[in-house]
1. For VAL344, indicate whether it is open to solvent by less than 30 Å² (accessible area, probe 1.4 Å) and either aromatic (Phe, Trp, Tyr) or modelled with pLDDT of 95 or more (or both).
2. With (1) loosely packed, with under 15 Cβ neighbours inside 10 Å; (2) over 26 Å from VAL484 (Cβ atoms) as the list, and ASN527 as the residue in question, which single condition is left unmet?
3. Kindly establish whether THR243 is over 18 Å from LYS569 (Cα atoms) and out of contact with any Gly (no Cβ under 8 Å at 6 or more places or on another chain).
4. Going through the range 467-509 one residue at a time, which ones are modelled with pLDDT of 95 or more and of a type in the set (Phe, Trp, Tyr)?
5. Would you mind finding the one in PHE593, PHE588 that is assigned to a loop (DSSP other than H, G, I, E, B), open to solvent by less than 10 Å² (accessible area, probe 1.4 Å) and either in contact (Cβ under 8 Å) with a residue 12 or more places away in the chain or not acidic (Asp, Glu) (or both)?
6. Would you mind finding the one in LEU463, LEU447, LEU432 that is in contact with a Pro (Cβ under 9 Å, 6 or more places away or on another chain) and modelled with pLDDT of 95 or more?
7. Within the set of pairs 6+ apart or on separate chains, which have a first residue in the range 162-176 that is at pLDDT below 90 and open to solvent by less than 10 Å² (accessible area, probe 1.4 Å), a second that is in a strand (DSSP E or B) and of a type in the set (Lys, Arg), and C-beta atoms under 9 Å apart?
8. Could you please give the count of residues in the range 537-585 that are assigned to a loop (DSSP other than H, G, I, E, B) and either open to solvent by 20 Å² or more (accessible area, probe 1.4 Å) or acidic (Asp, Glu) (or both)?
Amino acid sequence: MQRENSKFKQRSRASKDQRGVALITTLLLLMLLTGLTLAMAWSSRSDMLINGYYRNFRGSFYAADSGVNIMRQAMTPLFLPGGALYPTNFVVGTNPLPKKATEDAVMAAINGPYGAGTISGSGNGTSGKSWPGKYTGNITFTERSCSTNLGSTCTPFPANATTVNYTYAYTITATGTSLGAEKTNLVDSGLVMITASIPTPAQLNFAGYGMFIDQYNVCDGTTLVPGTITGPVFTNGSWNFGTGQYTFTDQLGQAGPTVGTSTGCPTGATTLPANVSAPQGFKPGQQKVKLPANSFNQQSAVLDGKGANPDGTPRSQPTSSDMNKVLKKIDKSAYPSGGASSGVFLPYTVDSSGKASFTGGGIMVEGNASVTLSPTATGKGQIYTITNGLPSVTTTITIDPVSNTTVVSSGSTTLNISGVPHQFDPTAGTDLGYDTMLYVDGNITSLSGPGQGKPAIQDGNALTITAANNVTITGDLLYKNEPVYGAPSNPATAAHPIDTLTGNDSGQALGIFTASGDIQLKNGQANGNLEIDASMATISAAGTGGLTNIGNQIQTLTIVGGRIQNNIKNINAVQRNVLFDQRFANDFAPPWFPSTGIAKGTNGANLNKPVVTRLQWLNQNNYF
């Protein structure tokens, strides 16, 4: 018993020695938990600071990157239709995008609006924003090179350039900022390439005049024949009026300051005499109309249907070698390489099976010839009856656009050719449709229809007849259906004002042209009247051609179309009326007809969409 009590006392003392251990342990654990908590809080705070900094930095980066993209993309619309740099007008010989003006315009258009901007995007669809930021930036834009299709630079700019290639260098610098102080600097450098396709400016066609006289001196002793003249009327000199009634339904203009009258010479008068009616106004002292050498080479047009170069200048005169490669006679023999003095030739090819196919713009006649025009009895065909050579040979050519065939006959020989003459745009090569050029490399000794009052020009046929020398008109040349009211051959004349459109426009048009001769009138019709439905031109730079009568006096001369002359000459007519074909006032003319030196409006330069190529993208910060 005494021993057991001793053991109990020993255990009791041991228990008392271990008191407070739990407290110490608890305190130690509490300290450890406190340290861990502090470490976690510090770590979280550090993460929040780092994430905030990263967020703000990324915000500044996206702001800068957005600024770069916006400024780069803002360049393109400037060169598109409606943009500040897209030319609304093109002036011949002027650079569509002049160097300094273009550079300054690009920098002003971008640096102004985009020099300071705000970028913000919608994040998860709530009202909050993600990546809020601002950017400031600028662009430098300089022309690196400019070249034309002629192989030249743009300084000085060549007048005949039809294509211009531009290369510009750009550098965009953008600095982005976010909510904090973080900034990102980005630099984007590259090239902008643009091509301008410049159409050859259209020129006012001489067919747009009811009457045009280049050289006419005031009080030179001659006077205009009285009558009615409709359509625009102009002379680079001064008009001279005699007795009788003159009526001009459209504007009457001249370059000279005075007009010749029966009482106003030798110096002329500044106002029109009482026997001249011009209700649309008289305008003296206007700028002269510049005469080009010729808008086309009509002989070349027979060969290829173009007659002009891609830059709009006339083709050079074709050589015998050129014609040998393209032209053939009815017997399929080629145009002689050494030249020809007579004969009728057409541009066509012959395949291995012997089939002939038309390839050019019309008919070539070598030597003097007489020509009779008439429509086919049925259908839409046009017949050309040509007599030339010694001894004379008659060749009949029937061109039918409906069946797309050309039939040539002479004596017992007949040649069928697939296809008909066509006109082609010299620049684009576009097929402009069925048109015919008849070129006589000599004099046309007689040109007429099949008889007085009988139609000569088929509906839907547009043709121009050109001679190297004189063209002599011996009888009526009438459209099958008159395009305007007022011509004696038109039975509805009395019910409609003269020269108004009848509604019979099928594209029929006749042009008669010589650059180096006269259009001579030698009327063989019994009643002395003569009607010519055509725009007639005897015009060229420094030319001397005119409309003149070499036969009997004409009682009434009626022209439905217009007369265009270098010089005023004696037409020996009692009465003369010019009824302007109003279709010619609306960008319509006989094919390959000469044009004035006056630009008909201005043409917009066609700029292609700029091609932007990035060559360098540089982040100037060291945060990555």
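The values are calculated or read from the model by the stated rules, or taken from the named source; none is laboratory data. Bear in mind the structure is a predicted one, so any value in this text is a computation, not a measurement. Cβ atoms come from the backbone with ideal geometry, glycine included; neighbour counts cover every protein chain shown. Side chains are part of the model used for accessible areas, which takes the heavy atoms of the whole protein and leaves out ligands, DNA and RNA. Shrake-Rupley method; radii C 1.70, N 1.55, O 1.52, S 1.80 Å.
1. Answer is yes for this residue.
2. All conditions pass for ASN527, except number (2).
3. Judged against the criteria, THR243 is not a match.
4. Of everything in the range 467-509, just one residue is modelled with pLDDT of 95 or more and of a type in the set (Phe, Trp, Tyr), namely TYR479.
5. Answer to the check: PHE593.
6. On inspection, the qualifying residue turns out to be LEU463.
7. Between residues of the range 162-176 that are at pLDDT below 90 and open to solvent by less than 10 Å² (accessible area, probe 1.4 Å) and residues that are in a strand (DSSP E or B) and of a type in the set (Lys, Arg), the close pairs are GLY176/LYS134; GLY176/LYS183.
8. The qualifying residues number 12.
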